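Notes follow the structure.
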Amino acid sequence: MDSIDDDDDVPQLSSHALATLQEFYAEQAEQNTEHLEPDYKFSVGAVEEDWQLSQFWYSDETALNLAKELIQACGENGRIACVSTPSIYQKLKGLSAENISVCLLEYDRRFSVYGDDYVFYDYNDPLNLPESMEKHSFDLVIADPPYLSEECLRKTAETIKFLARSKVLLCTGAVMEDLAATILGLKICKFIPKHTSSLANEFRCYSNYPLGLDIHI
């Protein structure tokens, strides 16, 4: 969800009420984006942040840099899974990389406006994925767990390990460095992602391969 804060103390809606609300949001989003030019439909911010869902979009520069990194790292005819990273998905689609296949796994049903690319995803049920989404079928998985908690990272890691063939890029708080190494074997990168909103927590990237972005830092 391109997000950062833990919401353990925030009142939760029932699953039925939340599903109904998400469907309503999805219908609104479809009405709001169906008339847009294709280039803008995939712009970061075309779907507004919902802070109640702990959503904080990356800055346009960060999203662009990360999207270019993913395209270069996955190679020609590569497959990329964007787990809770809608702004990265949007930027990838905006770059019109025709030889790259991109899938968005996201809890917020507003992103169902992206059709077959969208897969509803709840980190609490990390392996509840479509049968068509086969094990180790993505060349690169980028993920941004919605909350800074060990539980959230461990559950999201189950999804990552299932989907990833080899390369993994994780974006989360600096406080998660040790857990990122322990759970996924990832190392912290030099590149520092930025968000459109000012966040109190320091945010970092972690990967299991040499990040091209780090070469220019």
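Counting only residues that are in contact with a Leu (Cβ under 9 Å, 6 or more places away or on another chain) and free of Cβ contacts under 8 Å to residues at least 40 places away in the same chain, which one in the stretch 135-160 is most open to solvent (accessible area, probe 1.4 Å)?
Lys135
Checking Leu129 against (1) closer than 24 Å to Glu177 by Cα; (2) at pLDDT 95 or above; (3) part of a loop (DSSP other than H, G, I, E, B): exactly one of these is not met. Which one?
Evaluating Leu129 over (1) closer than 24 Å to Glu177 by Cα; (2) at pLDDT 95 or above; (3) part of a loop (DSSP other than H, G, I, E, B) leaves (1) as the failure.
Return the pair list, or none, for Cβ contacts closer than 6 Å from residues in the stretch 182-196 that are of a type in the set (Ser, Thr, Tyr) to residues that are open to solvent by less than 90 Å² (accessible area, probe 1.4 Å) and in a loop (DSSP other than H, G, I, E, B), at least 6 apart or on different chains.
Partner pairs satisfying both residue conditions: Thr196/Trp57; Thr196/Ser59.
Given (1) modelled with pLDDT of 95 or more; (2) open to solvent by 10 Å² or more (accessible area, probe 1.4 Å), where does His35 come up short, assuming only one miss?
The failed condition is (1).
Residues of the stretch 174-213 being modelled with pLDDT of 95 or more, among the charged types (D, E, K, R) and either open to solvent by 80 Å² or more (accessible area, probe 1.4 Å) or in a helix (DSSP H, G or I) (or both), which ones?
Glu177, Asp178, Lys187, Lys190
Quick check on Leu153: is it at pLDDT 95 or above, more than 19 Å from Val102 (Cα to Cα) and within 18 Å of the chain's Cα centre (by Cα)?
Yes; evaluated as a whole, the condition is true for this residue.
Out of all the residues in the stretch 53-82, which are under 22 Å from Lys161 (Cα atoms), of a type in the set (Gly, Ala, Ser) and not in a loop (DSSP other than H, G, I, E, B)?
Ala67, Ala73, Ala81
Looking at (1) within 12 Å of the chain's Cα centre (by Cα); (2) on the phi < 0 side of the Ramachandran plot, can you tell me which one Phe162 breaks?
Condition not satisfied by Phe162: (1).
What residue, among those in the stretch 83-103 that are part of a helix (DSSP H, G or I) and surrounded by fewer than 24 Cβ atoms within 10 Å (Cβ to Cβ), is modelled with the lowest pLDDT?
Gly94
Pick from the stretch 104-126 the residues that are open to solvent by 40 Å² or more (accessible area, probe 1.4 Å) and of a type in the set (D, E, K, R): which of them is farthest from Leu140 (Cα to Cα)?
The extreme case among them is Arg109.
The values are calculated or read from the model by the stated rules, or taken from the named source; none is laboratory data. Predicted model only: the values in this text are computed from it and were never measured. Cβ coordinates were reconstructed from backbone atoms using ideal geometry, including for glycine residues, and neighbour counts include every protein chain displayed. Just the protein is used for accessible areas: all its heavy atoms, side chains included, with ligands, DNA and RNA removed. Shrake-Rupley method; radii C 1.70, N 1.55, O 1.52, S 1.80 Å.
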